[in-house]
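A.B. asks: Once you've had a glance at the structure underneath, I'll fire off some questions.
The values are calculated or read from the model by the stated rules, or taken from the named source; none is laboratory data. Note that the structure is predicted; figures quoted are calculated from it, not measured. Neighbour counts are summed over all protein chains in view; Cβ atoms, including those assigned to glycine, are modelled from backbone coordinates with ideal geometry.
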Amino acid sequence: MWPFRRKGPSGFSSSSTAEEVTKGTDGTGLTAIVTGASSGIGTETARVLALRGVHVVMGVRNVAAGRDVKEAIVKEIPTAKVDAMELDLSSMASVKKFASDFSSSGLPLNLLINNAGIMATPFMLSKDNIELQFATNHIGHFLLTHHLLDTMKKTAKASKREGRIINVSSEAHRYTYKEGIRFDKINDQSGYSNFAAYGQSKLANVLHANELARHLKEDGVDITANSLHPGTIATNLFRHMAPVAGIVNILGKIALKNVQQGAATTCYVALHPEVKGKSGEYFKDSNIGTASEHGRNVELAKKLWDFSMKMVK
């Protein structure tokens with residue numbers, strides 16, 4: 001059980017669960033995409049959104065695992081609307097296909113939850129020859145958001161309901177390379193640090209949300225963009241960090257959040273009425289928090305936006 005229970009202004013704390021923070025919230029009529037929904041907090045996010053009446057489309061790399069999760073959710077919640085679609089965020093071709101297939105489905109899109117991620121991997125390049133953590137955690141989600149934005153804008157206008165884009169980041173965004181984003185060394189293996197590269201990709205999630213919030217405000221559309229830290233959770237994210245994974249398995253139940261608590265902030269930002277109109281914020285423990293100095297750097301966010309646009313084109 002998570003020991004630090006101090007409630008914030010929202011009335012919730014680090015020990016609040018996803019079901020608790022969405023209690024009494026009706027998501028009927030909303031459609032959400034949740035990436036990385038075949039395991040961990042992605043699965044719990046999809047389950048709780050479905051429980052609240054949201055039609056959930058799970059973007060999953062492992063389609064068989066996605067089908068198993070869908071079946072489990074529907075077994076528990078017979079009224080649930082859940083679909084699974086293949087999505088490999090490390091491949092731009094896969095991201096474009098997913099976005100095209102979703103847009104062709106005619107479904108509306110109210111909530112985009114960019115949740116999927118990998119952590120502290122050995123140096124590898126993606127299918128598009130981009131360092132794998134930056135490619136998967138940031139570029140894939142940046143491209144996905146870019147391709148789904150028109151659908152979200154149309155949905156917000158037609159439904160007169162606020163759209164919400166949520167980037168699941170991490171407090172690890174504070175522990176990146178000293179320059180924040182190594183624009184000229186993204187693929188530099190010689191200076192690669194697996195954890196600093198993870199921090200860099202998580203910082204990119206924060207900066208992407210902040211700059212996107214600015215663009216959406218300029219466009220005058222009823223869509224918000226925020227980032228969040230879900231908490232440190234004992235999930236398979238630690239699989240590339242063998243010594244740490246062992247400690248996590250031993251201490252997880254005492255010192256870390258469980259999956260139900262880990263999905264709480266995502267579900268809070270996705271559904272809670274208190275979050276209406278809030279954009280460009282960084283949430284932690286279902287309350288507004290403060291990102292790092294790099295994470296609040298407006299010029300760095302603009303530079304990352306331009307850099308990412310060039311990468312995806």
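A.B. asks: Quick one: in segment 89-125, of everything that is small (Gly, Ala, Ser) and part of a loop (DSSP other than H, G, I, E, B), which residue is nearest to Ala225 (Cα to Cα)?
C.D. replies: Residue satisfying both the conditions and the ranking: Ala116.
A.B. asks: Which of the residues spanning segment 266-313 are farther than 19 Å from Arg164 by Cβ and among the charged types (D, E, K, R)?
C.D. replies: Glu293, Arg296, Glu299, Lys302, Lys303, Asp306, Lys310, Lys313
A.B. asks: If you don't mind, there's one more thing I want to ask. Run down Lys217, Lys302, Lys310 and say which single residue is touching a helix residue (DSSP H, G or I) at 6+ places or on another chain (Cβ under 7 Å), basic (Lys, Arg), modelled with pLDDT of 95 or more and assigned to a helix (DSSP H, G or I).
C.D. replies: Lys302
A.B. asks: Quick test of your reading of the structure: Lys7 fulfils all but one of (1) surrounded by 21 or more Cβ atoms within 10 Å (Cβ to Cβ); (2) within 22 Å of Asn287 (Cα to Cα). Name the failing condition by number.
C.D. replies: (1)
A.B. asks: Right, something else. Kindly indicate whether Ala18 is hydrophobic (A, V, I, L, M, F, W, C), over 20 Å from Ile223 (Cβ atoms) and buried (at least 21 other Cβ atoms within 10 Å of the Cβ).
C.D. replies: yes
A.B. asks: Continuing with the same structure: May I ask you to say which residue of Ala50, Ala37 is in a loop (DSSP other than H, G, I, E, B) and modelled with pLDDT of 95 or more?
C.D. replies: Residue meeting the stated conditions: Ala37.
A.B. asks: Here's something else I'd like to know. Restricting attention to segment 48-65, report how many residues are among the aliphatic types (A, V, I, L, M) and crowded, with 22+ Cβ neighbours inside 10 Å.
C.D. replies: Final tally of qualifying residues: 8.
A.B. asks: Still on this structure, please answer the following. Which residues, counting only those in segment 164-190, are closer than 22 Å to Gly289 by Cα, in contact with a Lys or Arg (Cβ under 8 Å, 6 or more places away or on another chain) and either part of a loop (DSSP other than H, G, I, E, B) or of a type in the set (Gly, Ala, Ser) (or both)?
C.D. replies: Ser169, Ser170, Ala172, Thr176, Ile181 - these are the residues of segment 164-190 that are closer than 22 Å to Gly289 by Cα, in contact with a Lys or Arg (Cβ under 8 Å, 6 or more places away or on another chain) and either part of a loop (DSSP other than H, G, I, E, B) or of a type in the set (Gly, Ala, Ser) (or both).
A.B. asks: Report yes if some residue within segment 181-196 is at pLDDT 95 or above, in contact with a helix residue (DSSP H, G or I) (Cβ under 9 Å, 6 or more places away or on another chain) and under 23 Å from Tyr268 (Cβ atoms); otherwise report no.
C.D. replies: Checked against the condition, which is being at pLDDT 95 or above, in contact with a helix residue (DSSP H, G or I) (Cβ under 9 Å, 6 or more places away or on another chain) and under 23 Å from Tyr268 (Cβ atoms), segment 181-196 yields no hits at all.
A.B. asks: Also, quick follow-up: Across segment 125-183, which residue is surrounded by the fewest Cβ atoms within 10 Å (Cβ to Cβ) among those that are within 23 Å of Leu30 (Cβ to Cβ), of a type in the set (Lys, Arg) and over 19 Å from the mean Cα position of the chain (by Cα)?
C.D. replies: Checked segment 125-183; the qualifying residue surrounded by the fewest Cβ atoms within 10 Å (Cβ to Cβ) is Lys160.
A.B. asks: Also: Considering only residues of segment 269-289 that are more than 13 Å from the chain's Cα centre (by Cα) and in a helix (DSSP H, G or I), which is surrounded by the most Cβ atoms within 10 Å (Cβ to Cβ)?
C.D. replies: Ranking the qualifying residues of segment 269-289, first place goes to Leu271.
A.B. asks: Another question, if that's okay. Considering only residues of segment 50-90 that are polar (S, T, N, Q) and over 17 Å from the mean Cα position of the chain (by Cα), which is nearest to Lys23 (Cα to Cα)?
C.D. replies: Only one residue tops the list, namely Thr79.
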